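Presented below is the structure to which this report refers.
The values are calculated or read from the model by the stated rules, or taken from the named source; none is laboratory data. It should be emphasised that the depicted structure is a prediction, and the values quoted were computed from it without experimental measurement. Backbone-built Cβ (ideal geometry, glycine too); neighbour counts: all protein chains shown.
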Amino acid sequence: MFVEGKKKNVTKRMLKRFFKKIGISYKRARRGIFKDSKWKTYWEKLNQITSVKGFVEKGLCDLYFFDESGFSLDSNVPYTWSEVGNPTRVPSDRYAKRVNVLGFLNTKNKDLFYEMRTGSVDSKVTVALFDKFAERINNKPTVVILDNVSMHTSKLFKANIDKWEKMGLHLLYLPPYSPELNLIEILCREMKYRWFDLNAFSSFEKLWTHVKKLLDGFGLLYDINFS
């Protein structure tokens, strides 16, 4: 064996010494029983989501993804064209008010039901929005996929689950640390880093107006291929 350009023999002994030095050894692999409960939960949830999508295709139910996201004059720095050595700068105000968005997204028909607010978001706020959404679906079987943040697992929130199920609304919690399974996060990412107008950072009023424009224009002026 030769090292390119040096014509020096590299022996197996030299390789073994090198790999040993960096903490790698050559040993026979071992069989193991699947014991990682987190991964097991992940695949179980993924199978559940796949099953729900099958029901959706048959017209048996609707599927929505729920999440919260925030926008502020200091929240994100989108990609933009600029001169080499002279990057585009955007105004930044870390103490400005925050636009909080809570939304339900149906990736099949692009239906987006959302609420914008400047105040804090807690379980009480979230429950009130779920109440509105449960009324909106008009008893049609609907599954909502959501993560495990504290406002979704609080006593107040869980106390309302039976009521929502009687209204046709069923919840499917994601496994921990799996944002890739919550497709509404794609919408939030596109809003912040692709569609956002830099002029919206000049004032809070413009920020609010622009966020609302993006949300109202989703599926018409702004679109995502979720397939």
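Each row is one residue, and each column tells you yes or no for (1) over 13 Å from the mean Cα position of the chain (by Cα); (2) more than 24 Å from Asn148 (Cα to Cα).
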{"residue": "Gly168", "(1), (2)": "yes, no"}
{"residue": "Leu181", "(1), (2)": "no, no"}
{"residue": "Glu190", "(1), (2)": "no, no"}
{"residue": "Phe201", "(1), (2)": "yes, yes"}
{"residue": "Glu205", "(1), (2)": "yes, yes"}
{"residue": "His210", "(1), (2)": "yes, yes"}
{"residue": "Lys213", "(1), (2)": "yes, yes"}
{"residue": "Leu220", "(1), (2)": "yes, yes"}
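Go through the stretch 119-138 and give me each residue that's more than 21 Å from the chain's Cα centre (by Cα) and surrounded by 11 or more Cβ atoms within 10 Å (Cβ to Cβ). Listed by number, the residues that qualify are Lys124, Ala128, Asp131, Lys132, Ala134, Glu135, Arg136, Ile137. On the stretch given as the stretch 204-223, residues that are free of Cβ contacts under 8 Å to residues at least 40 places away in the same chain and surrounded by fewer than 18 Cβ atoms within 10 Å (Cβ to Cβ) total 9. Entry remark, the stretch 180-203: residues being among the hydrophobic types (A, V, I, L, M, F, W, C) and exposed (fewer than 13 other Cβ atoms within 10 Å of the Cβ) number 0 in total. Please tell me if Leu207 is under 16 Å from Gly103 (Cβ atoms) and aliphatic (A, V, I, L, M). Spelling it out, it is not the case that Leu207 is under 16 Å from Gly103 (Cβ atoms) and aliphatic (A, V, I, L, M).
From the list Tyr95, Tyr177, the lone residue that is of a type in the set (Phe, Trp, Tyr), exposed (fewer than 12 other Cβ atoms within 10 Å of the Cβ), at pLDDT below 95 and more than 20 Å from the chain's Cα centre (by Cα) is Tyr95.
Listed by position, the helices (runs of 4 or more DSSP H) contained in the stretch 119-216 that have at least 3 residues being basic (Lys, Arg) are 123-136.
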